[in-house]
1. So who's got an amide H within less than 5 Å of the one on Ile41, skipping anything under 5 residues away but keeping other chains? H placed 1.01 Å off N, in plane.
2. Report the longest stretch of the chain that contains none of the GluC sites (Glu not before Pro) sitting in a DSSP loop with at most 11 other Cβ atoms within 10 Å.
3. Can you give the Rg to Rh ratio of the chain, both from alpha-carbon atoms, with Rh computed by the Kirkwood formula?
4. Classify region 97-139 as rounded, prolate or oblate, taking a ≥ b ≥ c as the square roots of the eigenvalues of its Cα gyration tensor: rounded when a/c is under 1.5, otherwise prolate if a/b is larger than b/c and oblate if not.
5. Going by how many other Cβ atoms sit within 10 Å of their own, how do Phe106, Phe132 line up, fewest first?
6. Using a 10 angstrom Cβ neighbour count of at most 14 plus a DSSP loop assignment to flag exposed trypsin sites (Lys or Arg not before Pro), which longest range of the chain is free of such sites?
7. Suppose R0 equals 41 Å; then what is the FRET efficiency for Glu45 and Ala100 from their Cβ-Cβ distance, rounded to the nearest 0.05?
8. Efficiency by 1/(1 + (r/R0)^6): what FRET value for Ser21 and Thr113, r their Cβ-Cβ distance, R0 = 30 Å, to the nearest 0.05?
Amino acid sequence: MIHLRPHHLLCLLTYVGKGYSPAFVAGYDRIVARLNAGEEIEIVEGPDDICAPIACDMSEHCHGSSVISRDALAAREVGRVLEQGISQGTKLVLGPERRATLRAAFAQGDVRTACRGCEWSDLCTQVARSGFSNVRLLS
């Protein structure tokens, strides 16, 4: 089971292999491979499996109010789009249909409130505008 915080459900949609460090990218690639294989996700609070490779370096970030707020916004918007409550302990599989639904909502800006103020927002916007080309999480 993959443990993810809610806003990473959005980050995964546009992930193209860029990140904070080589260790972060390598860890992220392993998570994406597991998701591509259909592994189940459990929603958690605080540092998750994506943050694990750099948790020591980013512990303040992972517990910061802006990131906690980002998680709350993402949980609400993703839950609305998927028609499923998203909170700590929620389990889901992010299969092709759900990925397509979320990517369409992302491209239309329907699930981007959580992205405000994120340093990766411009990159994610470019990826969405390109039709999600070169993303590592398969369609």
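1. Ile2, Leu92, Val93, Leu94
2. 1-82
3. On the way: Rg = 13.5 Å, Rh = 14.8 Å.
Answer for the chain: 0.91.
4. Details: a/c = 1.96, a/b = 1.30, b/c = 1.51.
Here region 97-139 falls in the oblate category.
5. Values: Phe106 23, Phe132 18.
Listed from fewest to most nearby Cβ atoms, that is Phe132, Phe106.
6. On the way: sites that count: Lys18, Arg116.
That gives 19-115 as the longest site-free run.
7. Details: r = 27 Å, r/R0 = 0.67.
Efficiency for this residue pair is about 0.90.
8. On the way: r = 27 Å, r/R0 = 0.91.
Plugging the Cβ-Cβ distance into 1/(1 + (r/R0)^6) gives 0.65.
Values in this text are rule-based calculations from the coordinates and carry no lab data. Bear in mind the structure is a predicted one, so any value in this text is a computation, not a measurement. Reconstructed Cβ throughout: ideal geometry from the backbone, glycine too, with neighbour counts over all protein chains shown.
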